[in-house]
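The values are calculated or read from the model by the stated rules, or taken from the named source; none is laboratory data. Only a predicted model underlies this, so the values are computations on that prediction, with no experimental measurement involved. In this analysis, Cβ positions are derived from the backbone assuming ideal geometry, glycine residues included, and neighbour counts consider all displayed protein chains. For the accessible areas, the whole protein counts, side chains as well, though only heavy atoms, and no ligand, DNA or RNA atoms are used. Shrake-Rupley method; radii C 1.70, N 1.55, O 1.52, S 1.80 Å.
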Amino acid sequence: DAKTTQPNSMESNEEEPVHLPCNHSTISGTDYIHWYRQLPSQGPEYVIHGLTSNVNNRMASLAIAEDRKSSTLILHRATLRDAAVYYCILRDVVPGTYKYIFGTGTRLKVLA
Amino acid sequence: ETGVTQSPTHLIKTRGQQVTLRCSSQSGHNTVSWYQQALGQGPQFIFQYYREEENGRGNFPPRFSGLQFPNYSSELNVNALELDDSALYLCASSQPPGLVPDTQYFGPGTRLTVL
């Protein structure tokens, strides 16, 4: 199974950009990189995904290294509501089976 | 659009008992995945159901079983409960396997405590 490695925790000041790194050195050519976040007492929620190119949406940006062995989730202006555990996930694609493999995640603390 | 719902919210059982957890998928989604999340850990994939059949399984013993119904709702059954089964159980619904992106929409979870 493909694995991801993330820092256990990070801190950011409110309204400053946050860069959350993820290493996935064993990624295969067809694995998509997904990011989810889990707010306290809630289930995970989708943030963004990508394959090779950088991606932007209303929540965040995803920067993917050229060799795809790492990626960075970028929150352009952190708010207190962004405090959560952020998971970088590789979608493990086995014929007939599509499962998400969650890592340990990064707990983001946003300081007012 | 109705989101993913799970019941019950909390549950307390004793070792050796059996438990059934329920999940209603988001409108338009016919695929349901179940995850176990121990305290301080990331969710671990248990299995996925598509068209009422198991479509993949993680490293969980056979005492973890499931069902999917024609309306795409699902149940997770756990027999012979062990203390280590205490966790948050998450259900996620999605579009059919193979579609990209197969974004998963999670419910709030059921907190199971085994005493």
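Evaluate peptide B:29-36: per residue, the Cβ atoms of other protein chains within 10 Å of its Cβ; return the mean as an integer. Walk me through the intermediate numbers first.
Working: counts 0, 0, 1, 0, 3, 0, 5, 0.
The mean count of partner-chain Cβ atoms within 10 Å per residue comes to 1.
Considering only protein heavy atoms, what per residue accessible area in square angstrom results for the range A:23-107 with a 1.4 angstrom probe? Spell out each step's value before the answer.
On the way: 3950 Å² over 85 residues.
For the range A:23-107, the per-residue accessible area is 46 Å².
Provide B:Asp84, A:Asp67 ordered by accessible surface of protein heavy atoms (probe 1.4 Å), highest first. Write out the running numbers ahead of the final one.
Values: B:Asp84 130, A:Asp67 95 Å².
Order by accessible area, largest first: B:Asp84, A:Asp67.
Taking the Cβ of B:Ala87 as the center, what net charge do the other residues with Cβ under 15 Å away carry, scoring Lys and Arg +1 and Asp and Glu -1? Don't jump to the answer; show the numbers that get you there.
Values: positive: B:Lys13, B:Arg15, B:Arg63, B:Arg111; negative: B:Glu82, B:Asp84, B:Asp85.
Spelling it out: positives minus negatives among the neighbours equals +1.
What quantity of accessible surface, computed with a 1.4 Å probe and excluding non-protein components, is buried in total between chains B and A, in Å² to the nearest 100?
On the way: alone 6240 and 6480 Å², together 11060 Å².
Counting both chains, the buried surface is close to 1700 Å².
Can you list the lysines whose alpha carbon is less than 16 Å from that of A:Lys99, not counting same-chain residues fewer than 8 positions off?
Counting by Cα, and skipping residues close in sequence, A:Lys99 has these lysines nearby: A:Lys3.
When the chain is fully extended, how far beyond the present Cα-Cα distance does B:Ala38 get from B:Asn71, taking 0.36 nm per residue of separation?
9.0 nm
What FRET efficiency comes out for the pair A:Ser25/A:Arg58, r = Cβ-Cβ distance, R0 = 30 Å, nearest 0.05?
Values: r = 30 Å, r/R0 = 1.00.
Approximately 0.50, to the nearest 0.05.
Rounded to the nearest percent, how much of the accessible area of the range A:6-112 (1.4 Å probe, protein heavy atoms only) is carbon and sulfur?
Working: 2570 of 5280 Å².
Accessible surface attributable to carbon and sulfur in the range A:6-112 totals 49 percent.
Which three semi-axes in whole Å describe the equivalent ellipsoid of the protein assembly as shown, each the square root of 5 times a Cα gyration tensor eigenvalue, listed largest first?
Working: eigenvalues 172, 82, 51 Å².
Semi-axes (√(5λ), whole Å): 29, 20, 16.
Return the carbon/sulfur percentage of the accessible area of chain B, one whole number, probe 1.4 Å, all protein chains in place.
The computed percentage sits at 48.
How big is D for chain A, in µm² s⁻¹ as a whole number, if Stokes-Einstein is applied with the Kirkwood radius of its Cα pairs at 4 °C and 1.567 mPa s?
Working: Rh = 14.1 Å.
For these conditions, the coefficient is 92 µm²/s.
Rounded to the nearest 0.05, what FRET efficiency is calculated for B:Leu115 and B:Arg51 with R0 set to 45 Å and r the Cβ-Cβ distance?
Numbers: r = 37 Å, r/R0 = 0.82.
Between B:Leu115 and B:Arg51 the formula returns 0.75.
Over all alpha-carbon pairs in chain B, figure out the percentage whose distance exceeds 19 Å.
Values: 2593 of 6555 pairs.
Cα-Cα pairs of chain B separated by over 19 Å account for 40 percent.
Quick check: pseudo-label points 7 Å beyond the Cα along Cα→Cβ at A:Lys69 and A:Leu111, how many nm apart are they?
3.3 nm
Positive end of the dipole of the protein assembly as shown, charges at C-beta (+1 Lys, Arg; -1 Asp, Glu), about the Cα centre: which of A:Thr5, A:Ala60, A:Gln42 has its Cα farthest in that direction?
The one lying farthest along the dipole's positive direction is A:Gln42.
On a 1.4 Å probe surface of the protein chains, which of A:Glu45, B:Glu75, B:Glu53, A:Glu66 comes out largest in accessible area, and what is the full order? Intermediate results must be reported in sequence, preceding the final value.
Values: A:Glu45 65, B:Glu75 30, B:Glu53 125, A:Glu66 185 Å².
Listed by decreasing accessible area, they come as A:Glu66, B:Glu53, A:Glu45, B:Glu75.
Heavy atoms only, probe 1.4 angstrom, no DNA, RNA or ligands counted: give me B:Ser74, B:Ser65 ranked by accessible area, highest first.
The residues order as B:Ser65, B:Ser74, largest area first.
Mind giving me the FRET efficiency for B:His10 and A:Leu51? R0 is 41 Å, r the Cβ-Cβ distance, nearest 0.05 is fine. Could the numbers behind the result be given before it?
Values: r = 39 Å, r/R0 = 0.95.
Between B:His10 and A:Leu51 the formula returns 0.60.
Of all beta bridges DSSP finds with both residues in the protein assembly as shown, what is the antiparallel percent, to the nearest 5? Walk me through the numbers on the way to the answer.
Numbers: 66 of 75 bridges.
Here the antiparallel bridges make up roughly 90 percent for the protein assembly as shown.
About its Cα centre, what dipole magnitude does the protein assembly as shown give when the only charges are +1 on Lys and Arg Cβ and -1 on Asp and Glu Cβ, stated in debye to the nearest 20?
Values: 18 positive and 20 negative charges, 57 e Å.
Charge dipole of the protein assembly as shown: 280 debye, to the nearest 20.
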